[in-house]
Amino acid sequence: MTPKSRTNQLFYHAQLMADTPAGDDEHAAARKMAMEESALALLELALESMLKELTEHARLDTHRWQLLLAADGPDVAELQRLRDVAADADSWLGWLIFQLERLHSDQGAGRRSVANPGMIALGSETEFADQLLQCIQSAKTEVAQLRETSQEW
């Protein structure tokens, strides 16, 4: 499998996991959280695969996103572009990094649905799985643009 194929496969697997219904039995809430966190973990693997693919010309020793996207990370044009995207908390990468940090914390990233009949639901609140799917789509668009730039070199 080529690096590009592996990146695409991981994005696809994350999308499948985020888009899978949790069911409606007594384990549905836990299953939903497990699928969300699984999709997020797959998305982290996809991010690292993407970074490896886009920087293979630089022959880097590591492909961990925390090191490559750090302010003092390697001076590679594709990485600088991604650092700029990550600096915007409202961007797909800013959101993803925040969620990955939550995933690796004791808090976790999966969200429990609050089913309190006394609370008013906010209609504008987006489901975590939908946010994951939006992030995946934005990441796929970004990687396509970066691949094009990388091929020019």
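The values are calculated or read from the model by the stated rules, or taken from the named source; none is laboratory data. Here the structure is a predicted model, which is why all the values come from computation and not from measurement. For neighbour counting, all protein chains shown are included, and Cβ atoms are generated from backbone atoms with ideal geometry for every residue, glycine included. For accessibility, only protein heavy atoms count, side chains too; no ligands or nucleic acids. Shrake-Rupley method; radii C 1.70, N 1.55, O 1.52, S 1.80 Å.
Against the condition closer than 29 Å to Pro21 by Cβ, outside any helix (DSSP H, G or I), modelled with pLDDT under 95 and of a type in the set (Asp, Glu), how does Glu125 come out, does it pass?
Criteria met by Glu125.
Can you confirm whether Ala14 is among the hydrophobic types (A, V, I, L, M, F, W, C), assigned to a helix (DSSP H, G or I) and in contact (Cβ under 8 Å) with a residue 24 or more places away in the chain? When the stated conditions are applied, Ala14 passes them. Considering the conditions (1) within 19 Å of the chain's Cα centre (by Cα); (2) of a type outside the set (Val, Ile, Thr); (3) open to solvent by 90 Å² or more (accessible area, probe 1.4 Å), Leu69 is excluded by exactly one of them, (3).
From the list Gly73, Gly94, pick out the single residue that is in a helix (DSSP H, G or I), among the small types (Gly, Ala, Ser) and within 23 Å of Lys140 (Cβ to Cβ).
Numbers: Gly73 fails: in a helix (DSSP H, G or I).
Going through Gly73, Gly94 in turn, just one is in a helix (DSSP H, G or I), among the small types (Gly, Ala, Ser) and within 23 Å of Lys140 (Cβ to Cβ): Gly94.
Looking across region 4-54, the residues that are open to solvent by 60 Å² or more (accessible area, probe 1.4 Å) and either of a type in the set (Val, Ile, Thr) or within 21 Å of Glu148 (Cα to Cα) (or both) come down to Lys4, Arg6, Asn8, Tyr12, Thr20, Lys52.
Of the residues making up region 125-149, those that are farther than 18 Å from Gln80 by Cα and open to solvent by less than 10 Å² (accessible area, probe 1.4 Å) are Phe128, Leu132, Cys135, Ile136.
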